[in-house]
Amino acid sequence: MLITNATLPDGRSGIDVLVQGGRIVALGPKLAAPQGIETVDAAGQLLSPPFVDAHFHMDATLSYGLPRVNASGTLLEGIALWGELKPQLTQEALVERALQYCDWAVARGLLAIRSHVDVCDDRLLAVEALLHVRERVKDYLDLQLVAFPQDGVLRSPNALANLKRALDLGVDVVGGIPHFERTMADGAESVRLLCELAAERGLRVDMHCDESDDPLSRHVETLAFQTQRLGLHGRVTGSHLTSMHSMDNYYVSKLIPLMAEARLNAVANPLINITLQGRHDSYPKRRGMTRVPELMAAGIDVAFGHDCVMDPWYSLGSGDMLEVAAMGLHVAQMTSQAQMRACFDAVTANPARILGLAGYGLEPGANADFVLLQAGDPVEAIRLRATRLLVVRRGKVIARAPAAAATLDLPGRPARVDWRLQR
């Protein structure tokens, strides 16, 4: 395949991309096409590496309304509702819903997902189901699994043993939820235990951390300390970190440098953070999302995750990471050109680094995985939630969509097809 006349996220235009053997072999202006190769004219549109979701719950996705709807819309009712649903789960239903979501993801150019999977069910039904799904989708989507003790690794009986069993079965990443343990001390102890387990096994860590409006929920400090102590630099992620939104600036001025020193990664989940946080406030209401611009300014890799789609915590969503980027942009007030481009990076390059994806990017030698978007640049892609014209995996087109346009026939104006709705 040869893609011609593409615009890249870094601003280069008129670029051709030559693909052979599932990899990018050359990239530059006016490349010569080998005889008989398929050629696609990008017509100046944006060619991006695929979208990456650094934080999702695929075991719960598309279960909205089972066994009932979250009436309050709160985080705690969602957790309680998930506890009600777990005994009713079947492996077949888990697999079917997950595969349907993976189809949605691919159609939207989302080709890599890190999904947390609950290990507090002694049957490990969800773990086995998502391991099966990971194998089913591996040819077109990278699915990375996190062993997640939803009810607390110390608080829930057998959770630690189940988490180790999940890792033995092939789950990729060690998860945790320290703020959901019974005490702050137990939360800190859970961080120590889980980071040590990851260090012993040579695995990455991704913890739900301080998903609270409580400014005294400060487990990310402990996470940074244990990362530093165990030499896990660059391999540990704190997800949510919403308590940072409520912390005073003096404490944060100490905390962020500690996180940067440990090379901690951070994942914000804009759609869900803005929905679930601040529920106990009257007015003014806190937004809840963590301090994204400040973390980025400190050199910390920050990604945006979708977190939930049609599940006990969130009734909306479609797998569109441009929607996630748009919400993150608005909530964090990241409206300069550079900041808006950083929001695009937060759903592409940044999460790819956090997941440790090999061969990701638009450069010779990288995997031929990319998305052709009906937009001129990353900012326009976010603004328009741009149509995914082509989705390519290892050099093969796996999804396509017609260009968006509207036919206008207005009084006093000539009839025309207006592409400016997208460009």
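General remarks:
- Among the residues listed as 298, 260, the single one being touching a Gly at 6+ places or on another chain (Cβ under 6 Å), free of Cβ contacts under 8 Å to residues at least 60 places away in the same chain and of a type outside the set (Lys, Arg): 260
- Residue 297 vs. criteria more than 19 Å from the chain's Cα centre (by Cα), under 26 Å from residue 253 (Cβ atoms) and of a type outside the set (Asp, Glu): yes
- Flag for residue 205 being touching a strand residue (DSSP E or B) at 6+ places or on another chain (Cβ under 8 Å), under 16 Å from residue 356 (Cβ atoms) and not polar (S, T, N, Q): yes
- Failed item in (1) of a type outside the set (Ser, Thr, Tyr); (2) in contact (Cβ under 8 Å) with a residue 24 or more places away in the chain; (3) under 30 Å from residue 124 (Cα atoms), with residue 50 passing the rest: (3)
- Residue 189 being acidic (Asp, Glu), in contact with a Lys or Arg (Cβ under 6 Å, 6 or more places away or on another chain) and either within 28 Å of residue 328 (Cα to Cα) or assigned by TED's automatic domain parsing to the domain that holds residue 254 (or both): no
- Residue that is farthest from residue 324 (Cα to Cα) [pool: residues in region 109-142 that are surrounded by 22 or more Cβ atoms within 10 Å (Cβ to Cβ) and of a type in the set (Lys, Arg)]: 134
The values are calculated or read from the model by the stated rules, or taken from the named source; none is laboratory data. Model, not experiment: these values are computed from the prediction. All Cβ positions, glycine included, derive from the backbone under ideal geometry; neighbour counts span all protein chains shown.
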